[in-house]
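The values are calculated or read from the model by the stated rules, or taken from the named source; none is laboratory data. Everything numeric in this text was worked out from a predicted model, so none of it was measured. No Cβ is skipped: glycine too gets one built from the backbone with ideal geometry, and neighbour counts run over all protein chains shown. Calculation scope for accessible area: heavy atoms of the full protein, side chains included, ligands and nucleic acids excluded. Shrake-Rupley method; radii C 1.70, N 1.55, O 1.52, S 1.80 Å.
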Amino acid sequence: MAEAMKQVVAGMLTGIERYNPENLPTLERYVEIQSRENAYDLEANLAVLKLYQFNPHKFNNEITSQILLKALTNFPHTDFILCKCLLNEQKLQDEPINQIIYLADVLEQCDFEVFWTRVHSMPELTQKITGFLDSIRKFVCHVVGITYQTIDRTHLAQLLGDVEDKTLKHWVKKYGWKEENALIFIANQDENIKTKNINEKIDFESVGAIMASCR
Amino acid sequence: MYDDYEQPAYNYDYESDFGAHTGDPQLDNEYSRQMYMMPEVVKNFLVYFRNAVSEGSVFELQNLYEVHWPKLTEDYFEKRPWPEEAEVAKIVDNDPVFMILYKELYFRHIYARIQGGPTLEQRFNSFYNYCDLFNYILSAEEPVPLELPDLWLWELVDEFVYQFQSFAQYRARLQKKTPQELETLNSNNKVWNVLCVLNVLHSLVDKSNIKQQLDVYASGNDPDTVAGDFGRHSLYKMLGYFSLVGLLRLHSLLGDYYQAIKVLDNIEVHLKSQFAHVPACQISTSYYVGFAYMMMRRYSDAIRTFSSILLYIQRTKQLFASKSYQHDQINKQTDQMYHLLAICLVLHPQCIDESIQQTLREKSYHEKMYKMQYGDLQEFENCFVFACPKFLSPCPPPVDSIPDDYSKEAIRHQTQVFVEEVQQQKMLPTIRSYLKLYTTLPLMKLATFMAQNQRNNDGNWDIDKEIQSLIIHLLCFKHKMKNLVWTKGSSGLDGKFQSGSELDFYIDNDMIHIADTKVAHRYGDFFIRKILKFEELNRKLHHLKL
């Protein structure tokens, strides 16, 4: 469904057609399909927000919230900022947009504990978005993957939202990490993260002229 | 060659003729309508100008546009509008195309130079004149026989977007408007409508097939093969290209950074191409692209974009120093870009070209960077507000809103988004400053430093809690410093996740391992410069005649 829609919608996003408010119902339906089917199309969603920007009376709080939640699922990409820039001061204060803004803020700061507590305290906010929690866990794994060489097992479970051992094992396996008793081995970071020495390289071009004039 | 007016036919006494200036714009307008005598040199200039347009002598036009028009403006129209339409029409046999072009320059001059800015009526008329111009160009069956210098075309498109921006700001300031003005505005919603502006720019893009041309050009083939009848014509091709940059600016003004970058697909911003020989256009492009990257937290890309254009400006400064009106604009944008670069470098320290670094060491920038490094949010905000585009809301305030000033809303919102980003990163500089001192550092030790640093007064803190919050900051550090960086491909949106900043680290259970970047002194560069200087001196000495 989402795949088929993608083709239809692509035509609505080219050239001046992008600003045609008559496309809005289709694009809004597409947002709902993305939420339901765990698909994602940033460009179409930005087009919806743009249409709201141009036609303030058509603004739909529910659709906007879904777009913002979907943008959270695409962390570490900065889609959320792009969406936020197309809204305005007053809309950021509307319920539940303000809640989602808060979630994004703690997520950006990698304060996962606060994030999970908040999400679990209001399950109705995110339940429309299929695969929401797992998408966030993917982001957690991304951050862990670039930060750690080895990490304490219980700590990792906490970051993932106090998951059970079985779930923890699932994620460890998915990312090819290794369990070493109380620790999890992530990757050998020595190879990626090492001190760089920038030495001056003088190429022929820059000395060519001088050498020519020294004859 | 046209040089008539440099030796005026008669000695025109400017002082005595304009002596009756009252200072009151309303009266002066009346006065100039009744009493104004067009100087002979201006008359001759306009006739010559019109002939050059109809003959399509681009070289001549370039001279008239870039040299004579600004010169005459300075001599005769420094603080007053150019002659009215009716006056000029008489002289040039009502040539319709020339009159549209003349009016474009006439209104542009009013926007730029006349105190108090354009009136509501002038804003409307300027808009209708643009409609006439674009209708003439776009609705023709075959390419219109018109050729204009590239600089003019660029300034035309840029001015069109600027006047839209100016109108949107003006429209949002409800507090000073009379009921009649509001009435006129409300009943003319189509004038300077954002869709209309978008439509013009998109039509120019489509008509010229410029996207296809750039695509073919990027793959090393001849753009003419896909240009079509219109796109092969220089007028359409250049208007198409400049409209892409116009769209970049327009999208940026509306806070749509994704579209801003996307519209430039197939244009390699940092490379010089056959299209990029108008410096003002080059500079403007880099400014908006760099800004959009910064907002998307693609600091490496922003830094690359800014430093490459700033280097270009440094090297070619003398070239446009003579043309004062361009010079002011370029100077302003250069200063803004140094501010943006300073912001990016504080958030994302990175090696840049030595000569750019040199400028940033100058007092005014250095002080600002220092304050930002120490987490002064107000300083971040000041730099941002100074350097950002003049954001606007695409729609006028609702008809029933209380008469207030709504023109600052958009800029406040974008500033807020930016400040929130900075706030999320507020601990990173402190952590970075500690990490810089070590190659390995236990979590516990760093947590102790951080705790002492924060509340050195009571000494009551719990080490476990401190470690926990330190880990959060460290994760945040890694997350914020790993961003998309463009490496290859035709779209500026493409990129790979990279850690481009100079300091990096990883955590092995409870030990932090730090990797820093060490830059060796650049002796070669220094010597090359000195040798060249010496050579130059030597040459001069040889030429001395005693």
For this session: Determine one quarter of the surface area of the Cα convex hull of chain A, which equals its mean projected area, and express it in nm² to one decimal.
Result: 19.2 nm²
Exercise. Quick one: helix B:443-454 against the long Cα principal axis of chain B, what's the angle to the nearest 10°, folded into 0 to 90?
Worked result: 60 degrees
Problem set entry | For segment A:149-215: Kirkwood Rh in Å [reciprocal of mean 1/r, alpha carbons] | 15.9 Å
Exercise. Any idea how far the Cα center of segment B:199-249 sits from the one of segment A:29-88, in Å?
Worked result: 31 Å
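According to the square roots a ≥ b ≥ c of the eigenvalues of the Cα gyration tensor, what is the shape class of segment B:71-130, taking rounded for a/c under 1.5, prolate for a/b larger than b/c otherwise, and oblate for the remainder?
Values: a/c = 2.17, a/b = 1.20, b/c = 1.81.
Judged from the Cα gyration tensor, segment B:71-130 comes out oblate (a/c at least 1.5, b/c at or above a/b).
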Exercise. Size of segment B:428-523 along its principal axes in angstrom, Cα-based, largest extent first?
Worked result: 56, 36, 25
Exercise. Where Lys and Arg each count +1 and Asp and Glu each count -1, what net charge lies around B:Met481 among other residues with Cβ under 11 Å from its Cβ?
Worked result: +3
Exercise. Does anyone have the angle between helix B:363-373 and the longest principal axis of chain B? Alpha-carbon axes, 0 to 90°, nearest 10?
Worked result: 50 degrees
For this session: Collect residues whose amide H, placed 1.01 Å from N in the peptide plane, falls under 5 Å from the amide H of B:Val485; neighbours closer than 5 in sequence don't count.
Result: B:Lys496, B:Phe497, B:Gln498
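Please calculate how many Å² of accessible area chain B carries per residue, with a 1.4 Å probe and no DNA, RNA or ligand atoms counted. Working shown, then result.
Working: 26010 Å² over 546 residues.
With the other protein chains kept in place, chain B gives 48 Å² per residue.
So if R0 is 60 Å, what FRET efficiency would A:Thr117 and B:Gln62 give, r being the distance between their Cβ atoms, rounded to the nearest 0.05? Numbers along the way, then the final one.
Numbers: r = 67 Å, r/R0 = 1.11.
Rounded to the nearest 0.05, the efficiency is 0.35.
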For this session: Would you mind giving the average projected area, over all directions, of the Cα convex hull of segment B:500-546 in nm² with one decimal?
Result: 5.0 nm²
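I need to check one value: relative contact order of chain A, counting alpha carbon pairs closer than 8 Å and at least 6 residues apart, in percent.
Details: 169 pairs, mean separation 32.1, N = 215.
Relative CO of chain A lands at 15 percent.
For chain B, compute the orientation-averaged projected area of the C-alpha convex hull (one quarter of its surface), in nm². Before the final figure, lay out the partial values.
Numbers: hull surface 142.5 nm².
So the mean shadow area of the Cα hull is 35.6 nm².
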Exercise. Distance in nm between label sites at B:Lys408 and B:Ser187, each 7 Å beyond Cα in the beta-carbon direction?
Worked result: 3.3 nm
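For a test of the definition: using alpha carbon positions, the gyration tensor, and the 1.5 limit on a/c, classify segment B:118-424 as rounded, prolate or oblate. Write down the numbers at each step before the final one.
On the way: a/c = 1.95, a/b = 1.12, b/c = 1.74.
Oblate.
Taking 2.2 N^0.38 Å as the expected size of a compact globular protein, what ratio does the Cα radius of gyration of the protein assembly as shown give against it, to two decimals? List each step's numbers first, then the result.
Numbers: Rg = 29.8 Å, N = 761, 2.2 N^0.38 = 27.4 Å.
Taking N as the residue count of the protein assembly as shown, the ratio is 1.09.
Would you mind getting me the FRET efficiency between A:Phe185 and A:Asp165? Use the beta-carbon distance for r and R0 = 22 Å, nearest 0.05. Show your work: numbers first, answer last.
Numbers: r = 17 Å, r/R0 = 0.78.
Working from the Cβ atoms, E equals 0.80.
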Problem set entry | Links that overshoot a 27 Å alpha carbon limit, given the list A:Lys91/A:Lys128; A:Lys169/A:Lys194; B:Lys79/B:Lys390; A:Lys91/B:Lys211; A:Lys84/B:Lys482; B:Lys368/B:Lys482 | A:Lys169/A:Lys194; A:Lys91/B:Lys211
Exercise. Can you give the relative contact order of chain B as a percent, counting alpha carbon pairs under 8 Å and 6+ residues apart?
Worked result: 11 percent
Exercise. For segment B:341-406, what percent of Cα pairs sit more than 18 Å apart?
Worked result: 52 percent
For this session: Could you pull out which residues in segment A:111-128 have an amide N less than 20 Å from a spot 7 Å beyond the Cα of A:Tyr175, following the Cα-Cβ vector?
Result: A:111-117
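Estimate the FRET efficiency between B:Leu541 and B:Leu377 by the formula 1/(1 + (r/R0)^6), using the beta-carbon distance for r and 60 Å for R0, to the nearest 0.05.
Values: r = 56 Å, r/R0 = 0.93.
Plugging the Cβ-Cβ distance into 1/(1 + (r/R0)^6) gives 0.60.
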Seminar exercise, completed: From highest to lowest solvent-accessible area (probe 1.4 Å; ligands, DNA and RNA excluded), A:Glu200, B:Glu55 read B:Glu55, A:Glu200
Exercise. Counting pairs of alpha carbon atoms under 8 Å apart in space and at least six apart in sequence, what relative contact order in percent does segment B:118-424 give?
Worked result: 20 percent
